[in-house]
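Asker: One structure, pasted below without further comment.
Every number in this text was worked out from the coordinates using simple rules, so none of it is lab data. Given the structure is predicted, the values throughout are model-derived calculations rather than measurements. Ideal geometry is used to build each Cβ from the backbone, glycine not excepted, and the neighbour counts take in all protein chains shown.
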Amino acid sequence: MISNRLSALRRKMVQENLNGIIISDRTNVFYLSGFSGSEGDLLITLDAAYIICDFRYLQQAAEECPFYTIRDIKEGIYNIINDIIIKHGIARLGIEDRVISNAVYSAMKRNIRGAELVSTAGLVASLKIIKDDTEIANLTKAAELAVGAFHNVLDKIRPGVAECEIAAELEYYMRKNGASGTSFESVVASGANSAKPHGTASEKKIEIGDFVVMDFGCLYNGYCSDITRTVAVGNITSEQRRVYDAVHFTQLKMLSLVAPGKICSEIDGISRNLLDMFGYKEFFGHSLGHGVGTEVHEAPTLGPKGTDTLQKGMIVTVEPGVYFDNCFGVRIEDTVLVTENGVKILCEASKELIIL
């Protein structure tokens, strides 16, 4: 798996006329090496691969990164880089300048000798867009843990319970059952808070008549899940019901249309046209979906500016939503695998309106 990814990266490097590349983004480090430590950079050449870390991670790197030569940062980060540049004749060295600070970039410019520094924005992302079988298995397991958390929390959602308590229950379940953490800060938003697409869980108490939007996920073996469900507590208004039905209809229709060969921006546009039939287009402000992998938001983007064409093996979300400021909101989200014939939903959980 890692060897295949390194081979694919090297083919990209040849296309970009790069002799070497420094990988600093944590999720890209994990993707290309299997290293799960919180610090450490990769330096990959056309015929070698190095991981540079400190004494805290030397044993871990040896265990997790069999395809890499380990260099101890105590030798001096720029001494190591310059040594590798000379050893492998690197003339053009790629860097992930979008994820390093200005201070680090300035230090690189001052201290790295003999090689031109070249921006590689999007290079690794282009490799990650199609998932292999191992990635699909990990993403499926992460989705299953999130679905289990949703089912487990339903009997705990009632008037008087705080949003942050529900978030804690979701996160506890996922960790207890194998997750290493959350893939992002859990959203549990009730009542007027549900109109905030990314409203974080607060101390607000759930009330009768509230919609409760839960958008959450976990990390499993370095891969993310992302699911959203909206439930109702007690009696809701006819308007709330109409909005839920519109979002539900749109989400189901979009699941039937996502398939290889479809252009992301066109898929997003169809979802807006569907919501426009109900009079809610202007209340849908975010993209229809996004890729999911080692990051919870990665390529492709199913949005108005999404230029990618969907392909078999991509994993994306489908998540239309409608939000009325200071009133309520509804979102329904599934993470799906694009297959030859359409999609396979990774997070199977009821989307019929649940009234608690």
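Asker: Quick one: net charge around GLY269, please, counting Lys, Arg +1 and Asp, Glu -1 for every other residue with C-beta under 12 Å from its C-beta.
Answerer: +1
Asker: For segment 2-128, what class follows from the C-alpha gyration tensor (a ≥ b ≥ c being the square roots of its eigenvalues): rounded when a/c is under 1.5, otherwise prolate if a/b is larger than b/c, else oblate?
Answerer: rounded
Asker: Here's a follow-up. Which ordering of ASP97, ASP41, ASP334 is given by a fewest-first count of other beta-carbon atoms within 10 Å?
Answerer: The order, fewest Cβ neighbours first, is ASP97, ASP41, ASP334.
Asker: If you average the alpha carbon positions of segment 315-339 and of segment 126-163, how far apart do those two centres end up, in angstrom?
Answerer: So the separation of the two Cα centres works out to 14 Å.
Asker: Taking the Cα centroid of segment 12-89 and of segment 176-237, what is the distance between the two, rounded to the nearest whole Å?
Answerer: The two parts, judged by their Cα centres, are 38 Å apart.
Asker: Cross-link partners among lysines for LYS204, C-alpha distance below 24 Å, same-chain residues fewer than 8 apart left out?
Answerer: Within reach: LYS156, LYS196.
Asker: Among rounded, prolate and oblate, which fits the chain when a ≥ b ≥ c are the square roots of the eigenvalues of its C-alpha gyration tensor, a/c under 1.5 means rounded, and a/b larger than b/c means prolate?
Answerer: Here the chain falls in the prolate category.
Asker: Sorting ARG5, ARG71, ARG113 on the 10 Å Cβ count, fewest up front, what's the list?
Answerer: ARG113, ARG5, ARG71
Asker: Sticking with this structure for a sec: Net charge around LYS351, counting only other residues with Cβ within less than 9 Å of its Cβ (Lys, Arg = +1; Asp, Glu = -1)?
Answerer: Its environment carries a net charge of -1.
Asker: Mind pulling the angle between the C-alpha long axis of helix 102-111 and the longest principal axis of the chain? Nearest 10 degrees, somewhere in 0 to 90.
Answerer: Roughly 10 degrees, rounded to the nearest 10.
Asker: Against the longest principal axis of the chain, how steep is helix 163-176, in degrees 0 to 90 to the nearest 10, with axes from Cα atoms?
Answerer: 50 degrees
Asker: Moving on. Applying a 10 Å radius around every beta-carbon, put 320-326, 100-106, 142-148, 64-70 in order of their mean neighbour count, most first.
Answerer: 142-148, 320-326, 64-70, 100-106
Asker: Based on the Cβ-Cβ distance from GLU116 to LYS312, what FRET efficiency comes out when R0 is 45 Å, to the nearest 0.05?
Answerer: So the FRET efficiency works out to roughly 0.75.
Asker: May I ask you to derive the FRET efficiency for ILE345 and GLU203 from their Cβ-Cβ distance with R0 = 25 Å, giving the value to the nearest 0.05?
Answerer: The calculated FRET efficiency here is 0.15.
Asker: With Cβ to Cβ distances under 15 Å as the rule, what net charge do the other residues near LEU302 carry (K, R +1; D, E -1)?
Answerer: Residues close to LEU302 contribute a combined charge of -3.
Asker: Still on this model: Based only on Cα atoms, what mean projected area does the convex hull of segment 133-345 have, in nm²?
Answerer: Its Cα hull, projected and averaged over all orientations, spans 10.6 nm².
Asker: Defining a contact as two alpha carbons under 8 Å apart and six or more residues distant in sequence, what relative contact order in percent does segment 2-128 show?
Answerer: In percent, rounded to a whole number, it is 26.
Asker: Relative contact order for the chain using alpha-carbon pairs under 8 Å, separation at least 6, rounded to a whole percent?
Answerer: 15 percent
Asker: OK, next. Taking the chain as the reference, fit the longest principal axis to its C-alpha atoms, fit the long axis of helix 133-153 to the helix C-alpha atoms, and give the angle between the two in degrees, 0 to 90, nearest 10.
Answerer: Its long axis makes an angle of about 30 degrees.
Asker: Using only alpha carbon pairs under 8 Å that are at least six residues apart, calculate the relative contact order of segment 285-339 and give it in whole percent.
Answerer: Once normalised by length, the contact order is 33 percent.
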